[in-house]
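Reading through the structure tokens given below for one structure.
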Amino acid sequence: MSQTVKKEVFGATRRGEQALLFRIPNNTNDYIEVTNYGCTIRGIYVHNTKGALENVVCGLEGLADYEASNPGAIFGGTLGAALAHKVWDVADTGDNYVFFVSQCSAEESGCGSAVKVGARIMWVNLNRLVLDLFVTPQNETAMTLGTQLAVGGRNGAALQVRSFCPQTARPDGTLCPVEESRYAGMVFTDAASMTDVFVSPSEEIKPMAELADPGAGLYLSAYTTLSSLRLEPCGASGGIRLIQETREPVVLRSGESFTGRAIYGVDYLRPQSPEDDEEPNPMGAFLTGL
């Protein structure tokens, strides 16, 4: 597969707007598909342990399906809901990325200000998805900002999660050291039953959590400059939505921009045998090739 972004028409919306679909490959013939309808991840196709390409996110088939419901929109929260059914402008494309931009009115944004947004979606070697977010309000405002990724599909119930954060926030909002929680020692727990929020206040890129389907050998690690990560069920698909966001609202002055980065690393690893010395962990190599 040539390492060149490929573009095709995805379809026409009910309003008559043309939506585009982009395929971004890397050097191992794994690829992602993204559309400027809603700034959406349609697929992350990686080779599984049997050598077959498999989509690890909750993608839909045609544009009409996304007009009915869009589980793959990158932006989350109220702002994301306002953007999930817009056709974004294509500002730039490169060898391994696309850059989409859009805007919404004060009424749509939910924060009392018109907002301009941008998202650079990059797919690099070692199967790392890099999302760079840009948000600029017209007027001073405060908003919670974040990104999301819906993974797992029909196998969502089998997914497990472990935390790399120093703290968790319980459903009542109280903070707890991770070593005093059920995630102590980086053990895997059932992702479908997770109700806590993983919290890391550092503004540097840091590991947040890892989802796994050990039976299939799938490990998906999440990193971010944002301060928290939580999980929620992804509708009827049976998947799990990873939501990385600012724990507290971000205050932005008129024309001031917020930038954030989220990274997802996808690895299919062979099952562990008793003879193996180390637990499979893709963490060490995720920055290579960025």
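The values are calculated or read from the model by the stated rules, or taken from the named source; none is laboratory data. These numbers were taken from a predicted model, which means no experiment stands behind them. Cβ coordinates were reconstructed from backbone atoms using ideal geometry, including for glycine residues, and neighbour counts include every protein chain displayed.
One residue is enough: does segment 94-113 have a residue meeting the conditions more than 15 Å from the chain's Cα centre (by Cα), at pLDDT 95 or above, within 26 Å of ASN26 (Cα to Cα) and of a type in the set (Val, Ile, Thr)? Looking through segment 94-113, at least one residue is more than 15 Å from the chain's Cα centre (by Cα), at pLDDT 95 or above, within 26 Å of ASN26 (Cα to Cα) and of a type in the set (Val, Ile, Thr). Among the residues of segment 237-251 satisfying the criterion of being closer than 24 Å to MET122 by Cβ and touching a strand residue (DSSP E or B) at 6+ places or on another chain (Cβ under 6 Å), which is surrounded by the most Cβ atoms within 10 Å (Cβ to Cβ)? Here the answer is GLN244. Taking (1) at positive phi; (2) touching a helix residue (DSSP H, G or I) at 6+ places or on another chain (Cβ under 7 Å) in turn, GLY217 satisfies each apart from (2).
Please give the strands (runs of 3 or more DSSP E) falling wholly within segment 60-176 in which 1 or more residues are under 29 Å from VAL251 (Cβ atoms) and of a type in the set (S, T, N, Q). Even if it seems obvious, please write down each step before you answer.
Values: elements: 89-93, 97-104, 115-124, 128-137, 141-143, 146-151, 160-163, 167-169.
So the answer is 97-104, 128-137, 141-143, 146-151, 160-163, 167-169.
Take segment 23-52 and flag every residue that is among the hydrophobic types (A, V, I, L, M, F, W, C) and without any contact (Cβ under 8 Å) to a residue 24 or more places away in the chain.
Step one: of segment 23-52, the residues among the hydrophobic types (A, V, I, L, M, F, W, C) are 24, 32, 34, 39, 41, 44, 46, 52.
Within segment 23-52, just ALA52 meets the criteria.
Does PHE198 satisfy being within 28 Å of HIS47 (Cβ to Cβ), surrounded by 15 or more Cβ atoms within 10 Å (Cβ to Cβ), at pLDDT 95 or above and in contact with a strand residue (DSSP E or B) (Cβ under 7 Å, 6 or more places away or on another chain)?
Details: within 28 Å of HIS47 (Cβ to Cβ): no; surrounded by 15 or more Cβ atoms within 10 Å (Cβ to Cβ): yes; at pLDDT 95 or above: yes; in contact with a strand residue (DSSP E or B) (Cβ under 7 Å, 6 or more places away or on another chain): yes.
No; evaluated as a whole, the condition is false for this residue.
If only residues of segment 10-22 that are of a type in the set (A, V, I, L, M, F, W, C) and touching a residue at least 24 places away in the same chain (Cβ under 8 Å) are counted, the one that is surrounded by the fewest Cβ atoms within 10 Å (Cβ to Cβ) is ALA12.
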